[in-house]
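Engineer: Below is the structure I would like to discuss, written out as structure tokens.
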Amino acid sequence: MKTEKLYYQDPYLGRFTASILHNGNDEQGKFYVVLDQTAFYPTGGGQPHDTGTLNDIEVYDVVEINGEIRHYLNGTLDKGQECVGEIDWERRLDHMQQHAGQHILSAAFEEEYGYKTVSFHLGKELCSIDLATDHLTKEEALAVENIANIIIIENRPIETRWVTKDELIHYRLRKEVSVKHNIRLVIIPDFDYNGCGGTHPNSTGQVGSIEILHWEKHKKHTRLYFVCGKRVRHQLHEKHQVIQGLTVILSTPQEQLIEATKRVIEQTRELENTVKDLKLQLIDYEAASLMEKYTNQNGFRLIELVFENRTMPELQQLAKNITAKSTNTIVCFVNETIDKLQIVCACGSNVPMKMNQVLKQVLPRINGKGGGTDTIAQGGGEKLVTSKELMAELVKELD
């Protein structure tokens, strides 16, 4: 016995009674029931499933598998038991608005510019369609949005009709239907004829409004994001709050926010460049002072230092500055952070050593990874020894 699909008979039905035909656990051990009739829409056709309750037990998922509609529960119900089902009506209405809005938007794009919709996604906050074009202009998007909202304002009826395969020739469908039997059409007369198994409101006016948000190139298509109905108000409220916050932070009226933001970004870049230059100067001064703190190592100058919480780029630059100015110098740095030990070793052009080989010999002591060139190498690993012990190992490899 198949489940009677009440959501097709009346998409506005929010409460119903039913009997449990059978129950069970799926392959993952999740409990579900199958009803003799249901108003819960299962996931399909780009539309997410309904949620709600059966006898006050949460229904968190609804799927149709081989014609069987499974209601997944956070609890159990017995076979043959009578139950009362209640749909989360806000979720259902939202899905109806978004899905109908997508039909209107897709039809408008195809009618106006010949851009077919190749896929649709109804997300939790945003919806998207992929259009069969790799270039969408602002003018085209605004024109389609205007057409779509006119269709909504006209409050045209949205009809559903069950037809046979042979009867399809009487309808100007936007795309071929994917089934051969039990074909369901969703129709906005003189505008859109589309095979669809989702739930929709009775008229376009109930969609409320459509707002195109933005779009981006996606493979060979254009992915366009939009919202309908209550989501438009939510987006307006959310964005208004952000704009109001920015007007306070930047002390700038709304109409000047873009220019003010550009100025702040440019000023930030200039400051970052200034800071970068000053850091390089400080490292240069630090290198000059460290060059006096050396010991002799097999006829070469050796500078060995242990640091705490320095950045690797700083230490690398410091080592490069020293070895560039003193070609017969070897530099060994060990840096200790909260959770790791790091190594930087470098040598001048007159030192016949390979720093990457020296590093390779020491890294196993700290389960480390790293690499580099003959003249400079760097790596890091676990704090399995002290920083001084690691330095001793490093210097030992120079003999």
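Engineer: Out of every Cα-Cα pair in region 77-156, what percent are more than 15 Å apart? Walk me through the intermediate numbers first.
Structural biologist: On the way: 2052 of 3160 pairs.
Roughly 65 percent, once rounded to a whole number.
Engineer: Further question on the same structure: Distance in nm between label sites at Glu139 and Lys79, each 7 Å beyond Cα in the beta-carbon direction?
Structural biologist: With each label placed 7 Å out from Cα toward Cβ, I get 6.7 nm.
Engineer: In Å², what does the accessible area per residue of region 97-220 work out to with a 1.4 Å probe?
Structural biologist: Numbers: 6630 Å² over 124 residues.
That works out to 53 Å² per residue.
Engineer: Given the options Val344, Ala260, Gln361, identify the residue whose Cα lies farthest towards the positive end of the charge dipole of region 260-396 (+1 on Cβ of Lys, Arg; -1 on Cβ of Asp, Glu).
Structural biologist: Value: Gln361.
Engineer: A further question on this structure: Across region 140-234, how large is the tail of the calculated P(r) beyond 22 Å, expressed as a percent of all Cα pairs?
Structural biologist: Values: 1851 of 4465 pairs.
The calculated P(r) of region 140-234 puts 41 percent of pairs beyond 22 Å.
Engineer: Starting at the first residue of region 283-295, write each ³J(HN,Hα) from the Karplus equation 6.51 cos²θ - 1.76 cosθ + 1.60 with θ = phi - 60°, in whole Hz, x for Gly and Pro.
Structural biologist: Each residue of region 283-295 in turn: 5, 5, 5, 4, 4, 4, 6, 6, 5, 8, 9, 10, 10 Hz.
Engineer: Just from the alpha-carbon atoms, what are the Rg and Dmax of region 24-152 in angstroms?
Structural biologist: Taking only Cα atoms of region 24-152, I get Rg and Dmax of 18.9, 59 Å.
Engineer: Normalising by the residue count of the chain, find the relative contact order in percent from Cα pairs under 8 Å and 6+ residues apart. Intermediate values should be presented prior to the final figure.
Structural biologist: Numbers: 740 pairs, mean separation 37.0, N = 399.
Relative contact order of the chain: 9 percent.
Engineer: Same structure, new question: Counting other Cβ atoms within 10 Å, which GluC sites (Glu not before Pro) in region 147-225 have at most 11 and lie in a DSSP loop? Working shown, then result.
Structural biologist: On the way: sites: Glu154, Glu159, Glu167, Glu176, Glu211, Glu216; in loops: Glu154, Glu176.
Those that pass, being in a loop and sparsely packed, are Glu176.
Engineer: Does region 195-246 classify as rounded, prolate or oblate by the C-alpha gyration tensor (a ≥ b ≥ c root eigenvalues; a/c under 1.5 gives rounded; else a/b over b/c gives prolate, otherwise oblate)? Before the final figure, lay out each step's value.
Structural biologist: Details: a/c = 3.66, a/b = 1.21, b/c = 3.03.
In terms of gyration-tensor shape, oblate.
Engineer: Collect residues whose amide H, placed 1.01 Å from N in the peptide plane, falls under 5 Å from the amide H of Lys383; neighbours closer than 5 in sequence don't count.
Structural biologist: Close amide H contacts, sequence-distant or interchain: Leu341.
Engineer: Evaluate 2.2 N^0.38 Å with N set to the residue count of the chain, then give the Cα radius of gyration divided by it.
Structural biologist: Working: Rg = 33.8 Å, N = 399, 2.2 N^0.38 = 21.4 Å.
This ratio for the chain stands at 1.58.
Engineer: Quantify, in whole percent, the carbon and sulfur part of the accessible surface of region 172-261 (1.4 Å probe; protein heavy atoms only). Provide the component values of the computation, followed by the final result.
Structural biologist: On the way: 2870 of 5390 Å².
Here it works out to 53 percent.
Engineer: Could you tell me how far the Cα centroid of region 208-222 sits from the Cα centroid of region 1-32, in Å?
Structural biologist: 35 Å
Engineer: Moving on. Springs between alpha-carbon atoms under 10 Å, Gaussian network over the chain: tell me which of Leu168, Leu280, Leu257 tops the mean-square fluctuations.
Structural biologist: In the Gaussian network model the winner is Leu280.
Engineer: Past the 19 Å Cα-Cα mark, which pairs from Lys116/Lys219; Lys325/Lys360; Lys180/Lys220? Before the final figure, lay out each step's value.
Structural biologist: Details: Lys116/Lys219 15 Å; Lys325/Lys360 26 Å; Lys180/Lys220 30 Å.
Flagged as over cut-off: Lys325/Lys360; Lys180/Lys220.
Engineer: Follow-up. Averaged per residue, what accessible surface does region 229-351 expose to a 1.4 Å probe, in Å²? It would help to have the intermediate numbers written out before the result.
Structural biologist: Working: 7830 Å² over 123 residues.
Heavy-atom SASA per residue in region 229-351 reads 64 Å².
Engineer: Tell me the relative contact order for region 237-369 as a rounded percent, counting alpha carbon contacts under 8 Å between residues six or more apart.
Structural biologist: Values: 139 pairs, mean separation 20.1, N = 133.
Taking the mean separation of contacting Cα pairs over the length of region 237-369, I get 15 percent.
Engineer: May I pose another question? Each residue of region 228-235 in turn: what ³J(HN,Hα) in whole Hz from Karplus with 6.51, -1.76, 1.60 and θ = phi - 60°, glycine and Pro shown as x?
Structural biologist: 9, x, 4, 5, 5, 5, 5, 5
Engineer: Separate question: Dividing the Cα radius of gyration by the Kirkwood radius, what Rg/Rh value follows for region 260-335? Display every interim value, and only then the final one.
Structural biologist: Numbers: Rg = 16.4 Å, Rh = 14.1 Å.
Checking Rg against Rh, the ratio lands at 1.17.
Engineer: First measure r as the distance between the Cβ atoms of Thr164 and His22, then evaluate 1/(1 + (r/R0)^6) with R0 = 35 Å and state the FRET efficiency to the nearest 0.05. Write down the numbers at each step before the final one.
Structural biologist: On the way: r = 32 Å, r/R0 = 0.90.
In this case the efficiency is close to 0.65.
Engineer: On to the next question. Tell me, what ³J(HN,Hα) does each residue in region 91-99 have, in order and in whole Hz, if you take phi through Karplus 6.51 cos²θ - 1.76 cosθ + 1.60 with θ = phi - 60° and put x for Gly and Pro?
Structural biologist: 5, 4, 4, 4, 5, 5, 5, 5, 5
Engineer: Please report, in whole Å, how far the alpha carbons of region 1-72 spread along each principal axis, starting with the longest.
Structural biologist: Result for region 1-72: principal-axis Cα extents of 32, 28, 24 Å.
Engineer: Moving to a separate point now. Pop the C-beta distance of Met291 and Val264 into the FRET formula with R0 = 51 Å and round what comes out to the nearest 0.05. Walk me through the intermediate numbers first.
Structural biologist: Working: r = 41 Å, r/R0 = 0.80.
Calculated transfer efficiency: 0.80.
Engineer: Mind jotting down the distance between the C-alpha centroids of region 172-201 and region 307-372, whole Å?
Structural biologist: Result: 68 Å between the Cα centres.
Engineer: How would you order 381-387, 243-249, 339-345, 311-317 from highest to lowest mean count of nearby Cβ atoms within 10 Å?
Structural biologist: Details: 381-387: 14.9, 243-249: 11.9, 339-345: 21.9, 311-317: 16.6.
Those peptides, ordered most packed to least, come out 339-345, 311-317, 381-387, 243-249.
The values are calculated or read from the model by the stated rules, or taken from the named source; none is laboratory data. These figures come from a predicted structure and were not determined experimentally. Cβ coordinates were reconstructed from backbone atoms using ideal geometry, including for glycine residues, and neighbour counts include every protein chain displayed. In case anyone asks, the SASA skips ligands and DNA or RNA and just uses the protein heavy atoms, side chains included. Shrake-Rupley method; radii C 1.70, N 1.55, O 1.52, S 1.80 Å.
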